[in-house]
1. Using alpha carbon coordinates only, what is the Rg to Rh ratio of segment A:123-280, with Rh defined as the Kirkwood radius?
2. I'm checking a number: the convex hull volume of the Cα atoms of the protein assembly as shown, normalised per residue, in Å³. What is it?
3. Which whole number of Å³ per residue matches the convex hull of the alpha-carbon atoms in segment B:13-97?
4. Have a look at the DSSP beta bridges in chain B and tell me what percent are antiparallel, nearest 5.
5. Return the equivalent ellipsoid semi-axes of segment A:47-204 as a descending list in whole Å, where each equals the square root of 5 times an eigenvalue of the C-alpha gyration tensor.
6. How compact is segment B:218-374 by the rule of thumb for globular proteins, expressed as Cα Rg over 2.2 N^0.38 Å?
7. Taking the Cβ of each residue in B:C233, B:C15 as the centre, tally the other Cβ atoms inside 10 Å and list the residues starting with the fewest.
8. Three principal axis extents, largest first, for the C-alpha atoms of chain B, in Å?
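Nothing in this text is a laboratory measurement; each read-out follows from the coordinates by a stated rule. Keep in mind that what you see is a predicted model, and the values were worked out from it rather than measured. Cβ: placed from backbone, ideal geometry, glycine included. Neighbour counts: every protein chain shown.
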Amino acid sequence: MIFPLPIVAASGFVQLAGDTAASLRDELRSVTPNAPRRINRLAELGLIGAHRCVAGRDLTDDTAVVVATTTGCLNDSVQLLRAIGDRRPPMPMDFINVSSNMTGFHLAAGLRLHSSNQVVASADFAWEAAIEVAMLGSRRFLVGAIEECTWPLAQQRERLGLSQDAPILESSQWLWVDRDATSPIARIDSVKRFQNDAELAGDLSSASWPRDSEVSIHNADAAIVRALTGLTVPTASTPSPHSGIDAAAACIAAVTRRARSFVCISRGRTGQWCVTAITAA
Amino acid sequence: MRQPVYVTGTGLVTCLGSGLAAQVPVLRSGLAPKARTVKTTEGHAFYHAIASGDSGDRLYALLERAIVPALQAAALDEQALRRTALVVGSSCLDLPVHESIYLSAVDKGESPTPIVGPGYGTMAANLARQFGLEGPQYTLSTACSSSANALLHARLMLNAGLADHVLVVGVEAYNRVSVEGFGALLLLARGEYSPFDKDRTGLILGEGAAAVVLARTAGHAPPVMLYGGASACDSSSPTSSHPDRILAVMERALADAGVGVSELIGIKAHGTGTVSNDQAEGDALRRLHAPLPPFTSLKPYVGHTLGACGMIELLMLVAAWGEGFLPATPGFSAIDPGIGVVPATSAVPLANRGAVLCNFFGFGGNNTSLVVAR
């Protein structure tokens, strides 16, 4: 049986991108004194979030690491293209770091993990896709969603199709799941996908969530979700170029505040849905 | 115990041609084709699968040449096709498209923003739309083990009943970032591509695409099964693996498949031709079993296709195995005393039935081994 997935810990790190790239080294050293050097920003973000989640506890070496990302190693990719455009040979470390699985590598090195280590992307439901990859492959895993910013911000906003005054967030959201946990703080009860509104409505009509479940919606019209689910939903749904993080951030926030019952409803670009249900232990 | 899954449709395009049959003559010959020289900082060699066209166009052209025949062979009805899941394994993703756009603008004297509209999942979304797939989409990007990991995840999905069919795709299209990057790391061969050879000097890159439709039942498909596999991270070094960790992942893969090492009839090594990979992998192979089953590296035939090599080399193996042989490793002439193992130097007869272990190791210590059976 795949579900429920017991959650041992959760933590998130979010910061608003300023006009220049703020150094993450101090934050990184505060969570892991032996922070590796010459790593990229995505890895720094990933390590900050993951180490906050683990908080110094020991994991068994069969703990898998699965990273969800939408834009991946954007800084390194941009730097490499600029180097080639300028007819300069790329820096070797930039090329090594452009492999998005380097984040998981550094995390595994620091936590002495020797299990599966994956990077998962999906245009829609990246966070949920990462949970699905993790849950099928391993009894215990760290699953995280990481997005980095690149500078200058004007180019990053152009890159993401945002208005020039839109805020940009960097984020690193993590769950530690262990099927053998004796004292979980919460559990993921289900991650379900639906092809269309009718399938969503049909499933949710028989769902056992309390009617007062906390609800977070992503890329969906609140009125439509209320009509389909009968749940009380927030009135605002902020579309985001990083819809994968938004869902992750909402899930982590719900777990950390010990939400009794939480439902995360995400809508994809082609009208599909993905619903994650989490309850406090 | 996890169950095997079946390959019900295949598509492949490499520098040897399109389709499994096109690979066989060169594989049987044991001779590597001549690589073209590409226009990079130092004029490196590269195996092109498509003769011309810019990077952006060639990515989707490669994909189409692999996916169309795979779906045709699987012969799914409309509903089944719609519900088919898609798992893409790639290291380049759609970088070739962004690179083409950016460099074209730079060449015109413009100051473009590199990579507009980024998204690691964009390529999969485009493929799903093009081929009418409405099932879950996943893109796995773990350097050179990407499409091997994609196959593993697809099998798990099928075993868990989360899909009836999964289209698994691996692709690597020429891009200057990859060629210049490997050049900067001094990993590109200075002459012949000769994995495991005493005088090996590195790798030659290549492009290609491969696709399979995996299913829980065989149907009318050729009797090729993904029996099992394992993936594990070796955190000892970002660019090379330790023999202990390689050995561990091979043993884990065999255990997952329920196949004893003595039952193997062959091994498809990762065999990149770099000093470090072949040393570590050779050491691990030597410790895996004595006597060692015949093993080979397929990379000299088509180049190292990075994230796509899992899918591409799997289908090259299937193509040769279907004709009853394990291909030789081109370029090998002298044993490396530090490794102490010798790859196949001529085509080795392969029994019609049996299991073959396939290795794929990526940067970041991402090591994956698959067990394929007929």
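1. Working: Rg = 16.1 Å, Rh = 16.5 Å.
Reported Rg/Rh (Cα atoms, Kirkwood Rh): 0.98.
2. Values: hull volume 90.7 nm³, N = 655.
Dividing the Cα hull volume of the protein assembly as shown by its residue count gives 138 Å³.
3. Working: hull volume 11.0 nm³, N = 85.
Looking at segment B:13-97, the number lands at 129 Å³ per residue.
4. Values: 40 of 60 bridges.
Taking every DSSP beta bridge within chain B, about 65 percent pair in antiparallel fashion.
5. Numbers: eigenvalues 186, 107, 37 Å².
Over the Cα atoms of segment A:47-204, the ellipsoid semi-axes are 30, 23, 14 Å.
6. Numbers: Rg = 14.4 Å, N = 157, 2.2 N^0.38 = 15.0 Å.
Normalised Cα radius of gyration, segment B:218-374: 0.96.
7. B:C15, B:C233
8. For chain B, the Cα spread along each principal axis is 59, 51, 39 Å.
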